[in-house]
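**Student:** Pasting a structure below so you can have a look.
The values are calculated or read from the model by the stated rules, or taken from the named source; none is laboratory data. Since we're looking at a predicted model, the values are computed, not measured. Positions of Cβ are backbone-derived with ideal geometry, glycine not excepted, and every protein chain shown enters the neighbour counts. Quick note on the areas: whole protein, heavy atoms, side chains included, nothing else; ligands and nucleic acids left out. Shrake-Rupley method; radii C 1.70, N 1.55, O 1.52, S 1.80 Å.
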Amino acid sequence: MTKVLRSVVTGVGGYLPENVVTNAELAKVVETSDEWIRERTGIRERRKAADDEAASDLAVAAARRALEAAGRTALDVDLIVVATTTPDLTFPATATIVQRKLGCPVGVAFDVQAVCSGFVYALSVADGFVARGRAKCALVIGAETMTRLMDWTDRGTCVLFGDGAGAVVLEPQEGEGEVTDRGLLGFALRADGTKQDLLYVDGGPSTTGTRGFLRMQGNQVFRHAVVNISEAIHAAAEDAGVPVESVDWFIPHQANQRILEGVAKRVGIAEEKVISTVAQHANTSAASIPLALDQGVRDGRVKPGELLLLEAMGGGLTWGACVLRL
Ligand code: UT7
């Protein structure tokens, strides 16, 4: 078999801001209840970044932990891809701000905007560099301050989102071209711009000139989620050449406990293989997959050599899935 270069995850890190906001606290702001939020979403609490904490600060904290886990330093990094929908500034890219704050040498740094699907998209983009030998040490980060996009009078959205960041280090390693190789093995990425109205922010620099607020037709998004994500999972598994049932861990985007259970059931993944962190940090958009991966790795469940399935869906609509061996 011909040798192939694979992008291998060599370190994982996560960061949650200190400030915890419980469901009970939100019930003082909008007409809702802890019971409604837990029953409909599984969410118990979320984190809110401090006023002086930007997306890049969360990203830097997560990236430091990922670099430490990989046994690398900022000086090794030659590619930074940040998936974010809440950048520090309209420009420059949050990735270049992260590069400056970490003290990385001149290299490649840019953002990917695919909202909640951002981390899966960013992994695929980074794979294009690492698996072609064009980057030796890449940071792929999902970092979000979603609470800044909330309309705090809209109970249908403001209870659902939180702030946080997660990061992985990707490094090239030679594989055998087999499914037993470590690294990113398969992807399926999707977008359908005709569904914009279901989930979007009603502001931006070239339209309103304002930041805007997140708007969502939650039940419509919910309806598309399980079907769309399931199709992408099958496509990513086929791309990787593995049966879906063979994955060791399912690490989904953490939007709603009912969605992640519905998807697992539909594609035939056992409940005990699902990593769920939505109760602790709510929907952190592009940060939620690496945060859940970090949780699984740090509590000892997810181990090197295991086969992982990631998936997400978000504004666009965009969605996608990735199969990788840790
Ligand atoms: O990551 C991006 C992708 N986003 C998602 O995946 C989110 C997908 N959607 C969802 O997770 C769910 O649709 C929600 C959690 C947003 C809503 O759950 P649902 O079971 O679809 O409820 P619904 O939107 O159909 O609303 C049911 C009722 C409504 O009241 P009426 O019209 O039946 O009287 C809402 O006004 O629940 C009401 N409601 C609330 N009640 C208490 C909506 N939000 C709240 C709330 N507290 N926070």
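**Student:** Among the residues in segment 146-155, are any buried (at least 24 other Cβ atoms within 10 Å of the Cβ) and either within 27 Å of residue 213 (Cα to Cα) or touching a strand residue (DSSP E or B) at 6+ places or on another chain (Cβ under 6 Å) (or both)?
**Tutor:** Yes, segment 146-155 has at least one match.
**Student:** Spot the failing condition for residue 222; the list is (1) part of a helix (DSSP H, G or I); (2) more than 16 Å from the ligand (Cβ to nearest atom); (3) surrounded by 15 or more Cβ atoms within 10 Å (Cβ to Cβ), and only one is missed.
**Tutor:** (2)
**Student:** Continuing with the same structure: Sort out for me the helices (runs of 4 or more DSSP H) sitting completely within segment 1-87 that have 1 or more residues that are within 26 Å of residue 110 (Cα to Cα), under 20 Å from the mean Cα position of the chain (by Cα) and not hydrophobic (A, V, I, L, M, F, W, C).
**Tutor:** Those helices (runs of 4 or more DSSP H) span 55-70.
**Student:** Oh, and also: Go through (1) away from the ligand (no atom under 11 Å from the Cβ); (2) closer than 17 Å to residue 188 by Cβ; (3) of a type in the set (Val, Ile, Thr) and name the single condition residue 229 misses.
**Tutor:** (1)
**Student:** While we're looking at this one, here's another question. Take the conditions over 27 Å from residue 143 (Cβ atoms) and not assigned by TED's automatic domain parsing to the domain that holds residue 19 and apply them to residue 246. Does it pass?
**Tutor:** In short, yes.
**Student:** What single numbered condition from (1) farther than 27 Å from residue 85 by Cβ; (2) part of a loop (DSSP other than H, G, I, E, B) fails to hold for residue 153?
**Tutor:** (1)
**Student:** Any residue that is at pLDDT below 95 and open to solvent by 50 Å² or more (accessible area, probe 1.4 Å) - is there at least one of those in segment 4-23?
**Tutor:** Looking for residues that are at pLDDT below 95 and open to solvent by 50 Å² or more (accessible area, probe 1.4 Å), one finds none in segment 4-23, hence no.
**Student:** What residue, of 94, 85, 90, is open to solvent by 10 Å² or more (accessible area, probe 1.4 Å) and in contact with a Pro (Cβ under 6 Å, 6 or more places away or on another chain)?
**Tutor:** 90
**Student:** Among the residues of segment 107-146, count how many are among the charged types (D, E, K, R) and part of a strand (DSSP E or B).
**Tutor:** 2
**Student:** Considering (1) within 16 Å of the ligand (Cβ to nearest atom); (2) within 15 Å of the chain's Cα centre (by Cα); (3) closer than 22 Å to residue 23 by Cα, say which one residue 279 fails and leave the rest.
**Tutor:** The number of the failed condition is (2).
**Student:** Name the residues in segment 156-200 that are under 30 Å from residue 31 (Cβ atoms), of a type in the set (Gly, Ala, Ser) and either within 19 Å of the chain's Cα centre (by Cα) or in a strand (DSSP E or B) (or both), would you?
**Tutor:** Those that are under 30 Å from residue 31 (Cβ atoms), of a type in the set (Gly, Ala, Ser) and either within 19 Å of the chain's Cα centre (by Cα) or in a strand (DSSP E or B) (or both): 162, 164.
**Student:** Can you name the helices (runs of 4 or more DSSP H) wholly within segment 240-326 that have at least 3 residues being in contact with a Gly (Cβ under 6 Å, 6 or more places away or on another chain)?
**Tutor:** Per the criteria, 278-281, 288-298.
**Student:** Same structure, new question: Being over 20 Å from residue 254 (Cβ atoms), aliphatic (A, V, I, L, M) and within 14 Å of the ligand (Cβ to nearest atom): is that true of residue 50 here? Before the answer, list the steps.
**Tutor:** Values: over 20 Å from residue 254 (Cβ atoms): yes; aliphatic (A, V, I, L, M): yes; within 14 Å of the ligand (Cβ to nearest atom): no.
Taking the combined requirement at face value, the residue does not satisfy it.
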